[in-house]
1. For q = 0.10, 0.13, 0.18, 0.23 Å⁻¹, what log10 I(q)/I(0) does segment 67-175 give under the Debye formula with an equal point scatterer on each alpha carbon and no solvent?
2. Specify which residue in the list Gln109, Ile50, Pro128 is farthest towards the positive end of the charge dipole of the chain, using unit charges on the beta carbon of Lys, Arg (+1) and Asp, Glu (-1), about the Cα centre.
3. Percent of alpha carbon pairs in segment 36-93 separated by more than 19 Å?
4. Using R₀ = 35 Å, calculate the FRET efficiency as 1/(1 + (r/R₀)^6) where r is the Cβ-Cβ separation of Leu127 and Glu98; round to 0.05.
5. At 222 nm, what helix-only mean residue ellipticity would the chain give, in deg cm²/dmol to the nearest 500, using -39500 (n - 2.57) for each DSSP H run of four or more?
6. Using all C-alpha to C-alpha distances in segment 1-104, build P(r) with 5 Å bins and read off the rounded percent in each one.
7. Out of every Cα pair in the chain, what percent are spaced more than 24 Å from each other?
8. Which whole-Hz couplings ³J(HN,Hα) result when phi for each residue of segment 106-116 is put into the Karplus expression 6.51 cos²θ - 1.76 cosθ + 1.60, θ = phi - 60°, listed in order with x for Gly and Pro?
Amino acid sequence: MAATYAGIAYETVVVDASADPALLTGNNPLGKIPVFVPDEGEAVYDSRAITQYLNRVSGNALFPRNAAKRTDAERLEAQADGLCDCLLAHVMERRRPEGAIHQPWLDRQWAKAERTLDHLNAHPPKLPKNIHAGHIALRATLGYLDLRFNGKWERGHAKLVRWAKRFDERFPELAALIPKTA
């Protein structure tokens, strides 16, 4: 989404990260996604490192130049990324064999997610004409919530649900990139 918004051409390659394919581990020894592999230079991995890289390459299309506004964008991006980390930890724990799932861990991750969603719902970011990487990260995270936790997160978060709908209406080219359930 960030590359599209910044006007940077890219090719999407889908990999099974759990299979540790050479294409992934050769570009990120951690074997984690996302990874951005520029035509020239070394791979860039981790969402925030990628958005910083894309911001530099695009001439600051993803972050405001004003220091305070940039900090706000970075804070929102960190909240969205941290929320996604909790959600992914929850999903991975639920994939363990029956009897091996640690319910206190699931509860802890979900509590972190709920706290963050409650905070974001109480303080939804404005949606200006020119968005930033924080907005994009939040929309991607809400898309992940829809994909993996549909019907489980929306209650009590009506402002975030409306925010995502407005985002999709204003930026349909980005909304088209959000994974959907089959």
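Read-outs throughout are calculated quantities, based only on the coordinates presented, and are distinct from any laboratory measurement. Please read these numbers as outputs of a predicted model, since none were measured by experiment. Neighbour counts run over all protein chains shown; Cβ positions are idealised from the backbone, glycine included.
1. Debye output, listed in q order: -0.30, -0.50, -0.88, -1.31.
2. Going by the Cα projections, it comes out as Pro128.
3. Values: 681 of 1653 pairs.
It works out to 41 percent of all Cα pairs.
4. On the way: r = 43 Å, r/R0 = 1.21.
About 0.25, to the nearest 0.05.
5. Details: 8 runs with 103 residues, N = 182.
Estimated from H runs of four or more residues: -18000 deg cm²/dmol.
6. All Cα pairs considered, the percentages come to 2, 11, 16, 20, 18, 15, 9, 5, 3, 1, 0.
7. Numbers: 6828 of 16471 pairs.
Pairs farther apart than 24 Å: 41 percent.
8. After applying 6.51 cos²θ - 1.76 cosθ + 1.60, I find 4, 4, 5, 5, 5, 5, 4, 4, 4, 4, 5 Hz.
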